[in-house]
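Before any comments, here is the structure.
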Amino acid sequence: MIRKARLADLEALVRIENASFEVDRFSRRSFRYLLTKANAQTLVAEDDSGTPVGYVTLLFHTGVSLARMYSLAVVPGSRGSGLGSTLIEAAETTALANDCVSLRLEVRRDNAESIRLYEKLGYRLFGRHADYYEDHMEALRYEKNLAPQLKPALGRVPYYKQTLDFTCGPSALMMAMKALEPPLKLSRKLELRLWRESTTVYMTSGHGGCGPYGMALAAYHMGFDVEVHVNGKAVMFQDSVRSEEKKEVMRLVQEDFVAELKTLPVTVRYGALSVKAIQEKFEAGGIPIVLISSYRIYREKFPHWVVVTGFDDRYVYVHDPYVDQEAGKVEIESINMPIPKKDFDRMARYGKAGQKAVVVVRRRASHLAAVRQSGV
């Protein structure tokens with residue numbers, strides 16, 4: 001029998017864990033957190049006597065229709081009975097019940113038995129992570145689409161993880177440019193250079209953030225065609241600061257960006273783009289970079305940029321350059337994140353004023369020479 005785990009299962013879960021793994025074991029404290037506080041669900045498998053002999057833990061991502069199979073374990077005496085497959089199928093059912101259309105996992109490269117099982121059940125390899133486990137073993141990343149009827153066409157946009165808290169904009173821009181110009185080399189040097197060129201100087205406290213106008217200029221100077229869509233002419237992110245001096249600086253910087261854009265063949269349109277319009281831009285060859293409020297995903301209110309990677313009938317797929325490692329997230333959870341279109345429409349705005357911005361990057365006929373001349 002497979003059932004939802006209870007707090008009373010703590011000792012049994014620790015016993016299964018210790019019998020199943022030599023390294024990277026969950027502690028009793030970890031299981032308690034997963035059962036009581038985490039955005040997670042653990043299922044337990046019992047034998048005929050009612051003794052727990054296996055478990056599977058799923059992690060859910062707030063605001064995103066994506067689940068991660070965090071851990072799967074079956075005690076040695078119960079292996080070979082099909083229990084592993086049964087637990088995985090129960091995990092998939094649970095993920096679907098939580099409106100998740102994609103289930104992802106990591107597995108040790110030397111775990112041939114588990115790899116065979118995952119591949120048999122329809123999981124596909126889509127990435128690797130070097131030096132992932134405690135003993136430095138590489139992790140293989142697998143994914144299964146739980147709603148194959150949707151069949152999104154993904155893979156057009158490569159992934160790049162931002163290396164600093166304030167560089168989501170440049171990192172999203174780098175992914176868009178790389179999708180359009182595959183030879184472009186992505187690096188931290190380029191990430192910082194783009195940030196310097198597109199920063200608004202101030203954003204809340206600390207380092208400045210990147211607005212749509214500065215990002216458009218940076219992309220144009222890198223040799224790409226760009227169009228900017230904002231739903232008003234107000235200073236971007238000004239509600240994020242209290243200091244009148246900072247607000248004035250932000251206003252002047254934005255005015256300077258806009259003035260320079262007017263001298264270039266860059267389209268700036270004042271009006272919000274619908275999800276349908278963003279999809280049309282993507283299908284026409286553009287790569288949209290969209291401003292969202294991070295609150296719906298991270299429960300913190302700060303402006304954040306993501307890059308669109310695909311669409312299907314129900315979902316928008318995005319790469320999020322931010323990986324919330326403090327919350328135990330890994331890169332696999334930030335790649336091709338499926339977000340319901342109705343939720344994305346609500347998410348794609350920031351601040352009390354509901355500021356909306358989309359930067360669409362396109363390939364320019366002469367862009368390759370400009371990229372090569374950049375020297376990055």
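Summary table below
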{"item": "Anisotropy class of segment 2-145 from Cα gyration tensor, a/c 1.5 cut", "result": "rounded"}
{"item": "Long-range HN-HN contacts of Val316 with modeled amide H, under 5 Å", "result": "Ile339, Lys341"}
{"item": "Sequence-distant residues sharing a close amide H with Gln355 (under 5 Å, placed H)", "result": "Tyr350"}
{"item": "Sum of -39500 (n - 2.57) over DSSP H runs of 4+, divided by residues of the chain (222 nm, nearest 500)", "result": "-10000 deg cm²/dmol"}
{"item": "Cα gyration tensor, segment 72-177 - rounded (a/c under 1.5), prolate or oblate", "result": "oblate"}
{"item": "Residues Ser171, Ser49, sorted so that the one with the fewest Cβ neighbours within 10 Å comes first", "result": "Ser49, Ser171"}
{"item": "Rounded to whole Hz, the Karplus (6.51, -1.76, 1.60) HN-Hα couplings of segment 337-346, x for glycine and proline", "result": "5, x, 10, x, 4, 5, 6, 5, 4, 6"}
{"item": "J(HN,Hα) series, segment 6-21, from Karplus relation 6.51 cos²θ - 1.76 cosθ + 1.60, nearest Hz, glycine and proline x", "result": "10, 4, 5, 8, 3, 5, 5, 5, 5, 4, 4, 4, 5, 7, 9, 10"}
{"item": "In segment 207-316, lysine pairs closer than 24 Å at Cα, eight or more apart or cross-chain", "result": "10"}
{"item": "For the chain, alpha-carbon Rg over 2.2 N^0.38 Å", "result": "1.09"}
{"item": "Gyration tensor verdict on segment 168-373 (Cα atoms; rounded if a/c is under 1.5, prolate if a/b is larger than b/c, oblate otherwise)", "result": "rounded"}
{"item": "Residue-by-residue Karplus 3J(HN,Hα) for segment 135-143, coefficients 6.51, -1.76, 1.60, Hz, glycine and proline x", "result": "8, 6, 5, 6, 9, 9, 9, 10, 8"}
{"item": "Cα convex hull of segment 118-277 - mean projected area over all directions, nm²", "result": "13.3"}
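Every read-out reported here was derived from the displayed coordinates using simple, explicitly stated rules and does not represent laboratory data. Small disclaimer: the values here were computed from a predicted structure and weren't measured. When we count neighbours, we look across all protein chains shown, and the Cβ atoms used for this are built from the backbone with ideal geometry, even at glycine.
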